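Reviewing the structure listed below.
The values are calculated or read from the model by the stated rules, or taken from the named source; none is laboratory data. On a predicted model such as this, the values are computed, not experimentally measured, just so you know. No Cβ is skipped: glycine too gets one built from the backbone with ideal geometry, and neighbour counts run over all protein chains shown. Heavy atoms of the whole protein, side chains included, go into the accessibility calculation; ligands, DNA and RNA do not. Shrake-Rupley method; radii C 1.70, N 1.55, O 1.52, S 1.80 Å.
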Amino acid sequence: MTEQHYELVPDDALPEEHLSALEAILMVVDEPVPAADLASVLGLPTGQVSELLEDLGAEYRGERGGRRRGFELRELAGGWRIYSAPAHADVVGKFVLEGQTARLTQASLETLAVIAYRQPVARGRIAAIRGVNVDGVVRTLLTRGLIEEAGPDTEGGAMLYRTSSYFLERMGLASLEDLPPLAPYLPDLGTLDDVESELR
């Protein structure tokens, strides 16, 4: 009978760099990410990444001897994402609602203007017009109820956004037709020709 040798790996031997990388990714995702996608990015087997995610979730719940966190790592809709802990839902809700009374940033105002005048419009088109990533700003405007989803684009399938009735109420408008015309704020054709010739 041949004696088999197995390499023993301690239960607590977790690659800290992989855990940190997973946390970094999970902090920026907008929707649940499948373990297979995370594994592909990290160059690890999917099973190992699933185990790491389970370990992170347990750590956040305080099951590894540390403090229970105010957020949780959950597997929902076929993927993983960090959510605020249900125990703090009242406080988080209060914070979000109070945040609605705060003034909008310049980036939020510019994004809101693009949506108001180009709606329905996809996030990618908004980013192209503004020249910057608008993911966070769009989330803020959605949270404040100033914009809403208008369904997917029939061509590319991207989600389209439009202003909400709350936007009209806050702006004191009866309808979108009451928005001021953009023409007075746009450069005249002569100015555009000058700019174009300078770029040549």
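Using a probe of 1.4 Å on the protein chains alone, the accessible area found for MET159 is around 60 Å².
Were the residues from LEU182 through ALA113 laid out at 0.36 nm apart, the gain over their Cα-Cα distance would be 23.8 nm.
Which residues among the stretch 136-177 fall inside the zone where the amide N is under 14 Å from a point 7 Å beyond the Cα of THR105, along Cα→Cβ? Within reach of a label on THR105: 136-142. Spin-label model, ARG170 to ALA77: label points 7 Å out along the Cα-to-beta-carbon direction sit 2.3 nm apart.
Distance between the pseudo-spin-label points of GLU17 and VAL41 (7 Å out from Cα toward the beta carbon): 1.7 nm.
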